[in-house]
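Quick notes on the structure that follows.
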Amino acid sequence: VDDESIRRRVKRALGADEVDPALRSRVITSMPYDNEEARPRWQWAMGGLAAVLAVALVAGLIVMRPHQQSSHPAGQATVTLPITTQLDFKCSLPVTAYNNSRAIISIPDGATTIEGLQPAPNKSLNMSTYAGGKWLPVTFRWLSPDGKSYAYTTNTTGVPGQGSSTAVFVHDIAGGKDRQVWTGDGNSSMTGWAQGGIYFTKQNYGAGSSYGSEVWVVDPGNPAAAHRVGPNPPVTNNVGPPSMYFSQISGGAIWGMGYSPPVPMPQGGSYSGPDRITRMDLKDGTVTTWYTAPEGRQVAVMGLDGQGHPILNVSTIPAKPAAPAPGATPDMSTYVYPPPPRVLLLTGPDQVVEIADGSNQALRPTSVFGDAHGIWITAPGSLWLYSKGALKKVADVPADHFQAPTPPPGAPTAPSGAYKIPSPPPGYPTGPYLQVVAPCT
Amino acid sequence: MEVLRVDARQNLVREARGGDRNAFDALLGPLVAPAFRLAMGMLHDREAAEDAVQEAAFRAWRKLGNLREGSDLRPWFLAIVANQCRSTRRARWWGVVKLASPEESRRSPDLRLSADLDLRRAIRSLNPDRRLALVLHYYMDLPLEEVAAITNTPVGTVKSRIHRAVQDLRPQLAPEEVNS
């Protein structure tokens, strides 16, 4: 049997199932916002141990209150969240949680219907959105303004003799049909809909061209007019640090996080977090810096408010204890829990409104979402609303209502007695991580 | 130019480590399709394959700190996918239920009678290391060197595993060769 015959037979036997075009978006957007564990080796190990500690606390809560779990055989559960602030309006708030569970929280009474509960642990967060009574496998910003369709990108690599190619599709939600509206070389990722059409960032890897991350727009009604947005030459990543990534689009602008060159750390190595927020005007391509983090802090765009202003998370660059000698055990007794971040609303160049000052240990945001009611903020074990200049905790989210996060696969487990793990500071939050994924309507 | 590309990729890795999903998408997004193909080749079940890719991406997201500078991302990620598929298949109850699923026979009665299905079953029953090498090389068209990188074994071992896999499959491969 010759090589080609085997190849042909194996391919025919195993079939050629096409990948779901939406799989990429589902996979990428399901990554947790916080990627603390993705640190090199020993730092990662300490993060893992911290996660073990947090999960142990959550697990303790679950063990203590097993009788409060109420789930149905069909993977659904109905619970009532303990309301801490009585709101004066009614709406339904879609949220997602770990293990692909999805829930609609009724405001103001806290009645919550959870669906998608799965028995298997270690499922990662699967972010999606909710529109027209349906759960959709894309983020809210990928929805068209009329809510009838959503956009996504696909990328094709590995075809012998061909470089990477990419395409933008529009999916009609009611009809279930996909329409390709643009294709080109390189790879791309979706940013979202805004005035002018569908915006996406495109990375070029082609031979003879420099690597760059460009902002493009395609109008589904006039696909032939697709074009790159921004200054010429484009703001790219091929210049090395400082570099930039554009992630959110609103108010006639696309917002990016800028990185300065890495700063050497006392214990060796270097560190570079995003330290500024940059605005690119969609009309004239002007790029301006709107916010620069103070020294020792990093800043990230967590989301947008109802008017399209970026919501910023300004956190302390974690102080890292000295790296252990090769083969030595990390000294967990020196682990320092970082303080809660500040949460700011960026309303203009160097103009911010403080939503949270970083003094409340319980307020360590996992997601934000702006709508007509204000800015919804989730933190482990709690749901908050910033409205009319005031931040209030709306409800507690008990650990036994949602499946709790577990350590990431492969995270180190602490042998009994091997590490002295410091206790978290008083008020350090535990509990399910929810994510608000659509407006409260 | 290559230097620029490597630098750019290091930037992406650094930014993805910082929690930037766009950077992670630029790194891993193009590998989702080949990862799915590998998972399909190993698990023969679309839902399980998508789950495996999802979990593997989550592991990759968490393990970016372990990625050595300058190392190739594709074999690194496909190795994680392969390990995830292995973990999935260790769930013995799942395998038994899925392989004996009556639904499969209802969906494609003709296929069950074909030599292709026999070969598919035979591939499924291969030793996992041999099956992985076979899928990577013959199903995904990867060169032996990349298969070696994914399986973390010398090229010679890869050749040996593929050879033994073909030997194991010879009864299922032979009939068509005779008939054609």
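Observations on the model:
- For the segment A:3-10, counting C-beta atoms of other chains within 10 Å of every residue's C-beta and taking the mean gives 6.
- Formal net charge of residues neighbouring residue A:169 (Cβ-Cβ distance under 9 Å; K, R +1; D, E -1): 0
- Above-threshold pairs, the threshold being 25 Å between Cα atoms, out of A:134/A:283; A:148/A:392; A:11/B:159; A:134/B:63; A:11/A:177: A:134/A:283; A:148/A:392; A:134/B:63; A:11/A:177
- Taken residue by residue and averaged, Cβ atoms of other chains lying within 10 Å of the Cβ of B:51-60 number 5.
- When peptides A:382-395, A:343-356 are sorted by average Cβ neighbour count within 10 Å, with the highest value leading, the order is A:382-395, A:343-356.
- Close amide-amide hydrogen proximity is noted between residue A:229 and A:215, A:216, A:217, each under 5 Å apart and 5 or more residues distant or on a separate chain (H modeled in the peptide plane; Pro and chain starts excluded).
- Mean partner shielding of peptide A:379-385, defined as the number of other chain Cβ atoms within 10 Å of each residue Cβ, is 0.
- Cut-off under 5 Å, modelled amide H: who pairs with residue A:355 long-range: A:343, A:344, A:345
Values quoted throughout were computed directly from the atomic coordinates according to the rules given, and no laboratory measurement underlies them. It should be emphasised that the depicted structure is a prediction, and the values quoted were computed from it without experimental measurement. Cβ sites come from the backbone with ideal geometry, for glycine too, and all protein chains shown count toward neighbours.
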